[in-house]
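All of the numbers you see were taken from the coordinates with simple rules; none came from a lab. Note that the structure is a prediction, hence the values are computed from the model and not measured. Quick reminder, even Gly has a Cβ in these numbers, built from the backbone with ideal geometry, and neighbours come from all protein chains shown.
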Amino acid sequence: MSDKDAGTVLRENVESNEITVLPGAFDALSARLAAERFDAIFTSGFGLSASTLGLPDLGFLDRTANIDRVRDIVKACDAPVVADMDTGYGSALNVRKTVTDAIDAGAGGVIIEDQEWPKRCGHMDEKRVVDEDEARTRIRAAADARDEHDDDLVIVGRTDAREPHGMDAAVERGRVLEEAGADVIFVEAPESSDELERAATAFDAPTFANMIEGGKTPYMSHDEVESLGFDVVVYPLSSLLAYTRAVRDTYDALADEGETSSVEKLSFDEYDQLIGANEYREREKSYAETNK
């Protein structure tokens, strides 16, 4: 990354003429791989809950665990990280603490949503959202914490009102989040192309789309999403789902065939290069030489 603040780099990407594509990373290794090809990356509560706890995205991952994972991911990659901070984990004071911790961890952006706690994955049913005043207060608290730290953190205001209350209510809630100070507006889980286009164009602020294979929203390429008018698109679970399939196939091969040569994988040397092992070995040698 450049010498600029991570939030500044991310903000420049979002405000550019091209859509910002965010691949999902669920640990430090996947973040390093994502940063090889993309200018920014994303951490989802779904992915971190799965990789850290082996549990669904139902509020099991708390703020401290989330921040710890984000900090590791930021250190592992050379790209700004947009971190899903769920509801902010409580009152306005909790939101402030969450945003402060995210800044300290090096995040370039955060998502704060309007669900009740415990939250649910945005493409699950039976979601519940807080009232307008609380949703507004969460974003105000996030913006206040960001401004008091003189940071350029990008705040994405997310509403999950579409599923429980319909698209009209989701757009109105998005406008509340925009007025409260969100830099980017994210209407979660539109259920048609027409609803997606409305979510892309209903606000003055940049807009954010979420593409999940098999989710409620029509799945599109980032070029198609950009043509609808979105400024940011995330593919949060693609790598996690592919990883899960690959690991299962590997274990199946080991159990059924006695070894895993039938499964396509990186070579040991390719992996060694990916994680920069040679750099550490050379550094270790330099200390040994100084002790002679």
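A compact table of results
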read-out: Net dipole in debye of the stretch 6-244 [+1 Lys, Arg Cβ; -1 Asp, Glu Cβ; about Cα centre; nearest 20]; value: 720
read-out: Modelled FRET efficiency - R0 30 Å, residue 197 with residue 241, Cβ distances, 0.05 increments; value: 0.70
read-out: Cβ-derived FRET efficiency at R0 25 Å, residue 148 paired with residue 3, nearest 0.05; value: 0.65
read-out: Peptide ranges 180-190, 165-175, 268-278 listed from the most packed, as the mean C-beta count within 10 angstrom indicates; value: 180-190, 165-175, 268-278
read-out: Packing rank of 247-260, 57-70, 122-135, where each peptide gets the mean count of other beta carbons within 10 Å, highest leading; value: 57-70, 122-135, 247-260
read-out: Inter-label distance, nm, simple model (7 Å from Cα along the C-beta direction), residue 94/residue 128; value: 1.4
read-out: Gain on full stretching of the segment that runs from residue 256 to residue 278 - 0.36 nm per residue minus C-alpha separation; value: 4.4 nm
read-out: Calculated FRET value between residue 224 and residue 15, using beta carbons and R₀ = 22 Å, to 0.05; value: 0.55
read-out: Share, in percent, of DSSP beta bridges within the stretch 6-244 that are antiparallel, nearest 5; value: 5
